[in-house]
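The values are calculated or read from the model by the stated rules, or taken from the named source; none is laboratory data. Quick caveat: nothing in here was measured; it's all calculated off a predicted structure. We place every Cβ from the backbone using ideal geometry, glycine too, and count neighbours over all the protein chains shown. For the accessible areas, the whole protein counts, side chains as well, though only heavy atoms, and no ligand, DNA or RNA atoms are used. Shrake-Rupley method; radii C 1.70, N 1.55, O 1.52, S 1.80 Å.
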Amino acid sequence: MELDIQCEEMSPSRWAELLTTMKSCKTIRLDDCNLSSSNCEDLSSIINTNPSLTELKLNNNELGDEGVEYLCKGLLTPSCSLQKLWLQNCNLTSASCETLRSVLSAQPSLTELHVGDNRLGTAGVKVLCQGMMNPSCKLQKLQLEYCELTADIVEALNTALQSKPTLKELSLSNNTLGDTAVKQLCRGLVEASCNLELLHLENCGITSDSCMEISAVLRNKSSLMDLSVGDNKIGDSGLALLCQGLMHPSCKIQKLWLWDCDLTSASCKDLSRLISTKETLTEISLIDNNLRDSGMEMLCQALKDPRSKLQELWVRECGLTTACCKAVSSALSTNKHLKVLHIGENKLGDAGVELLCEGLMHPNCNIQSLWLGNCDLTAGCCATLATVMATKQCLTELDLSYNPLEDEGIRKICEALKKPSCNVQQLILYDILWSSEVDDELRALEESKPEVKIIS
């Protein structure tokens, strides 16, 4: 049994009602429910008396250190079988870390701990690392984003990693680590016995200076499948170093996020080689990099390589125009694996989307999710888009937000949605002006096709 409630104010009567339900739940999720430390006292009792409970998610509640202390009393009982604990943005400080350390040391069932968006600080996380070093700790996933960590945390983390072969996922994004600390962390990861599968280092103050060490992790940890270094100024020179590790035969990367990394079209030669030859790579995000049309054309050439198995490509806000759309269309008509294309916030225009639609209509194209928000589109391209919607049954999600489609364009899209052959289940239309008559038509359409969700 699963309890999943979000953004609901809890009255005493409603809370009492839910407590009865919780006694038999395997999963309890109560994000954004205005919970406090007093609710944690009740939850502690539930943890103690419900041995089937394996996941507890309490993100975005004002639990505070006192609330976590109550929770941990339940977590430390022998009957507790909790595996996943989410406490993101719960107003915790370093004071909570001592209590959580006890849980890590004594509760081998706990495999996931998510405590991001809390002011734990370096001192607090050092205490958590002591708990990780206990042989009883079997932690597999540790999420420490936005925890006000500094470079001083790395020595403690590396020591913990040495004793933790179970660890599979480590997220340290949005902490001011810097190159020196990231180099030290990567050297520790290479030496550690852990089989890391996910490493997130977004917005950590990384430059090209530490990319050789990250590359070494990619070469030496064949288990690593998910790397995110977005929002770091690594530049083209840093990307070239990363690609040395990414192209190594032992690297089995699947998901690579490089958004806002100061990349230009000069990086696209290396990226194209990666996309065309690294058959494990299924998802790459290049959002907010100045790739330009010339860079995108190189990527499209790689997508046409039979060895490419890429399923998701994110190139939003990459300085693209109509000029690259013929190449994108050709790639769409060739690559059978690509399922998700985020190409919004580029000046494609109606002419560009008309070209894209030629590729989308090709029998080889299997696109499921297409994002064209803020692409300078008008009603002029909507008839062609409507044809794609009504013809390509694989297409289930379409984003046309922030485009001046007006009544004429929205009506054409609606006509396509009405057709039995259209399989679009989610249509995203943020910040588009239309008349009250069209609004009534959209609401009527949702009622007649309840499987369709129109988000505006």
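Given the options LEU395, LEU370, name the one that is surrounded by 21 or more Cβ atoms within 10 Å (Cβ to Cβ), assigned to a strand (DSSP E or B) and modelled with pLDDT of 95 or more.
LEU370
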Legend entry - Subset of the stretch 11-35 [loosely packed, with under 15 Cβ neighbours inside 10 Å and of a type outside the set (A, V, I, L, M, F, W, C)]: SER11, PRO12, SER13, ARG14, GLU17, THR20, THR21, LYS23, SER24, LYS26, ASN34
Inset, instruction - Consider only pairs whose beta carbons are under 6 Å apart and that are at least six residues apart or on different chains; among these, list those whose first residue lies in the stretch 77-97 and is touching a residue at least 24 places away in the same chain (Cβ under 8 Å) and whose second residue is of a type in the set (Lys, Arg) and outside any loop (DSSP other than H, G, I, E, B). - result: TRP86/LYS57; THR93/ARG119
Legend entry - Condition broken by GLN88, with the remaining ones in (1) in contact with a His (Cβ under 8 Å, 6 or more places away or on another chain); (2) at pLDDT below 95 satisfied: (2)
Inset, instruction - Considering only residues that are under 20 Å from the mean Cα position of the chain (by Cα) and farther than 19 Å from GLN254 by Cα, look in the stretch 188-204 and name the one that is most open to solvent (accessible area, probe 1.4 Å). - result: ASN203
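Which helices (runs of 4 or more DSSP H) sit wholly inside the stretch 42-156 and have at least 1 residues that are closer than 19 Å to ASN174 by Cβ?
Of the helices (runs of 4 or more DSSP H) lying wholly inside the stretch 42-156, those with at least 1 residues that are closer than 19 Å to ASN174 by Cβ span 95-106, 121-132.
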Legend entry - Selected residue [at pLDDT 95 or above, over 27 Å from the mean Cα position of the chain (by Cα) and either among the aromatic types (Phe, Trp, Tyr) or open to solvent by less than 50 Å² (accessible area, probe 1.4 Å) (or both)] from CYS382, CYS365: CYS382
Legend entry - Given (1) open to solvent by less than 10 Å² (accessible area, probe 1.4 Å); (2) within 20 Å of LEU63 (Cα to Cα); (3) of a type outside the set (A, V, I, L, M, F, W, C), number of the condition ASN91 does not satisfy: (1)
Inset, instruction - Could you list, in sequence order, all residues of the stretch 232-260 that are of a type in the set (D, E, K, R) and either under 14 Å from CYS211 (Cβ atoms) or open to solvent by 40 Å² or more (accessible area, probe 1.4 Å) (or both)? - result: LYS233, ASP236, LYS252, LYS255
Legend entry - Members of the stretch 320-355 that are of a type outside the set (Asp, Glu), open to solvent by 30 Å² or more (accessible area, probe 1.4 Å) and either over 26 Å from the mean Cα position of the chain (by Cα) or more than 18 Å from SER401 (Cα to Cα) (or both): THR321, THR322, ALA323, LYS326, SER330, THR334, LYS336, HIS337, LYS339, ALA351, LEU355
Legend entry - Unique residue being outside any helix (DSSP H, G or I) and either at pLDDT 95 or above or within 22 Å of the chain's Cα centre (by Cα) (or both) when the list is SER223, SER237, SER210, SER215: SER223
Inset, instruction - Please work out which one of (1) open to solvent by 20 Å² or more (accessible area, probe 1.4 Å); (2) farther than 23 Å from LEU76 by Cα; (3) of a type in the set (Gly, Ala, Ser) is the condition ALA106 fails and give its number. - result: (2)
Inset, instruction - Return the only residue of LEU405, LEU400 being modelled with pLDDT of 95 or more, within 29 Å of LYS336 (Cα to Cα) and either over 32 Å from the mean Cα position of the chain (by Cα) or of a type in the set (A, V, I, L, M) (or both). - result: LEU400
Inset, instruction - Could you figure out which of (1) surrounded by 17 or more Cβ atoms within 10 Å (Cβ to Cβ); (2) assigned to a helix (DSSP H, G or I) isn't true of LEU281? - result: (2)
Inset, instruction - Looking only at the stretch 164-180, decide whether some residue is more than 24 Å from the chain's Cα centre (by Cα), at pLDDT below 95 and either in a helix (DSSP H, G or I) or among the basic types (Lys, Arg) (or both). - result: yes
Inset, instruction - With the condition kept exactly as written, say whether any residue in the stretch 28-43 is modelled with pLDDT of 95 or more, under 25 Å from LEU167 (Cα atoms) and within 27 Å of the chain's Cα centre (by Cα). - result: yes
Inset, instruction - Determine which member of the set LEU58, LEU149, LEU144, LEU82 is open to solvent by less than 20 Å² (accessible area, probe 1.4 Å), at pLDDT below 95 and within 26 Å of the chain's Cα centre (by Cα). - result: LEU82
